[in-house]
Amino acid sequence: MSEVWQGRIDAEDGALGRRWHQLVRPLAAGAPAGVALLGFASDEGVRRNQGRVGAREGPRSLRRALAPLAYHGVRDTPLYDAGDVACDGEDLEGAQRALGARVEALLAQGHFPMLLGGGHEMAWGSFQGASAALANDGRLRRYGIVNFDAHFDLRRGRASSGTPFLQIRDALAARGLPFRYLCIGISRAANTPALFATARECGVTWLTDEEIVWPKWEAACRAIDAFVESIDALQISVCLDAFPAAATPGVSAPAARGIAPDLALSLLGHLLGRAGHGKRDSRVVLAEVAELAPPFDPDGRTARLGARLVYDVVSPLL
Ligand SMILES: [Mn+2]
């Protein structure tokens with residue numbers, strides 16, 4: 001862990017000159033509630049989905065990009081590194097169950113799980129943990145997911161990085177619970193009519209990449225507001241392929257158009273505020289940044305944007 005959490009130290013500035021690498025510490029049993037960074041080192045789902053593999057190295061790259069970021073915390077909330085859940089070989093289902101068990105335990109201990117991916121198959125693992133943690137308090141009845149993604153990830157068939165949200169839909173349906181899913185940044189060019197039909201069947205709400213532009217900012221915010229009003233618990237998922245290839249080349253399936261990083265970060269901030277993130281009655285249960293593939297990210301720009309997304313989610317809690 002220590003080799004990743006390293007960087008510049010502005011000793012002359014004391015407590016006001018600190019960076020994340022100086023605050024992050026390993027998560028120990030019984031530690032006070034805080035933010036827990038948990039990696040999902042897997043690209044088995046991407047391999048099964050016929051994408052470019054490499055996401056297994058994503059968590060490590062995200063930590064490296066987070067290490068030098070300036071710390072502005074005012075609440076002394078602990079910031080933990082909870083390590084990685086890794087997918088060894090082809091046992092993706094086992095790794096997803098293990099991720100779920102870790103997430104459930106973190107939530108039970110009062111931590112905010114901030115997940116670092118890893119292929120987007122991580123969303124099925126994190127949901128397993130969230131649903132187990134929420135099953136008894138009624139919030140699972142009004143569980144929602146906001147996913148920044150060029151793709152619906154609602155494929156049928158063997159579990160992969162393309163199927164997690166249909167798996168979630170099916171798991172909720174098996175309990176007689178509704179599926180509330182808002183996708184932001186859907187690309188018409190990257191989803192066939194069959195996939196749009198599945199999204200319609202599943203009652204999905206989406207905004208295409210053509211709708212995520214500054215002149216349509218208000219409409220996007222209103223769509224987010226309406227969605228947040230319909231839920232009591234929120235899983236936030238960000239797939240780094242939602243952005244243009246020029247901004248995030250280091251993903252399994254780069255996008256030609258994508259959504260602008262500044263606009264996406266502003267919408268993420270709007271979503272967090274609307275969901276009460278950082279307040280006592282926050283609806284935000286966990287967040288995840290998926291699909292960073294370092295082998296295709298030679299200058300680290302994809303990791304840098306992924307880290308900024310993590311930073312923007314975590315900072316209001318610190
Ligand atoms: Mn995805």
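Let's see how each residue does on (1) open to solvent by less than 80 Å² (accessible area, probe 1.4 Å); (2) under 23 Å from Val313 (Cβ atoms):
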{"site": "Trp5", "(1), (2)": "yes, yes"}
{"site": "Ile9", "(1), (2)": "no, no"}
{"site": "Arg18", "(1), (2)": "yes, yes"}
{"site": "Arg25", "(1), (2)": "no, yes"}
{"site": "Ser42", "(1), (2)": "yes, yes"}
{"site": "Gly51", "(1), (2)": "yes, no"}
{"site": "Arg56", "(1), (2)": "no, yes"}
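When restricted to residues that are surrounded by fewer than 22 Cβ atoms within 10 Å (Cβ to Cβ), at negative phi and of a type in the set (Gly, Ala, Ser), the stretch 137-169 contains 1.
Scanning the stretch 287-303 for residues that are buried (at least 16 other Cβ atoms within 10 Å of the Cβ), away from the ligand (no atom under 16 Å from the Cβ) and outside any helix (DSSP H, G or I) yields a single hit, Asp297.
The single condition among (1) under 30 Å from Leu106 (Cβ atoms); (2) out of contact with any helix residue (DSSP H, G or I) (no Cβ under 6 Å at 6 or more places or on another chain) that Arg257 does not meet is (1).
Taking the stretch 85-106, which residues are within 29 Å of Ala15 (Cα to Cα) and open to solvent by 30 Å² or more (accessible area, probe 1.4 Å)? Explain how you work it out, then say what you get.
Filtering the stretch 85-106 down to residues within 29 Å of Ala15 (Cα to Cα) leaves 106.
Listed by number, the list is empty, since nothing qualifies.
Among the conditions (1) surrounded by fewer than 24 Cβ atoms within 10 Å (Cβ to Cβ); (2) away from the ligand (no atom under 15 Å from the Cβ); (3) over 23 Å from Arg48 (Cα atoms), the only one that Ala194 does not satisfy is (3).
Yes or no: the stretch 201-221 includes at least one residue that is within 14 Å of the ligand (Cβ to nearest atom), of a type outside the set (D, E, K, R), touching a residue at least 60 places away in the same chain (Cβ under 8 Å) and not in a loop (DSSP other than H, G, I, E, B). Explain how you work it out, then say what you get.
Filtering the stretch 201-221 down to residues within 14 Å of the ligand (Cβ to nearest atom) leaves 204, 206, 209.
Next cut, of a type outside the set (D, E, K, R) only: 204, 206.
Cutting the leftovers down to touching a residue at least 60 places away in the same chain (Cβ under 8 Å) gives us none.
The answer is no; no qualifying residue exists.
Within the stretch 170-189, not a single residue is open to solvent by less than 20 Å² (accessible area, probe 1.4 Å), in a helix (DSSP H, G or I) and within 16 Å of the ligand (Cβ to nearest atom).
Within the stretch 273-286, being surrounded by fewer than 22 Cβ atoms within 10 Å (Cβ to Cβ) and not in a loop (DSSP other than H, G, I, E, B) holds for Gly273, Arg274.
Considering the conditions (1) in a loop (DSSP other than H, G, I, E, B); (2) touching a residue at least 12 places away in the same chain (Cβ under 8 Å); (3) out of contact with any Gly (no Cβ under 8 Å at 6 or more places or on another chain), Glu57 is excluded by exactly one of them, (1).
The values are calculated or read from the model by the stated rules, or taken from the named source; none is laboratory data. Because the structure is a prediction, the values reported are computed rather than measured. When we count neighbours, we look across all protein chains shown, and the Cβ atoms used for this are built from the backbone with ideal geometry, even at glycine. With ligands, DNA and RNA removed, areas are computed over all heavy atoms of the protein, side chains included. Shrake-Rupley method; radii C 1.70, N 1.55, O 1.52, S 1.80 Å.
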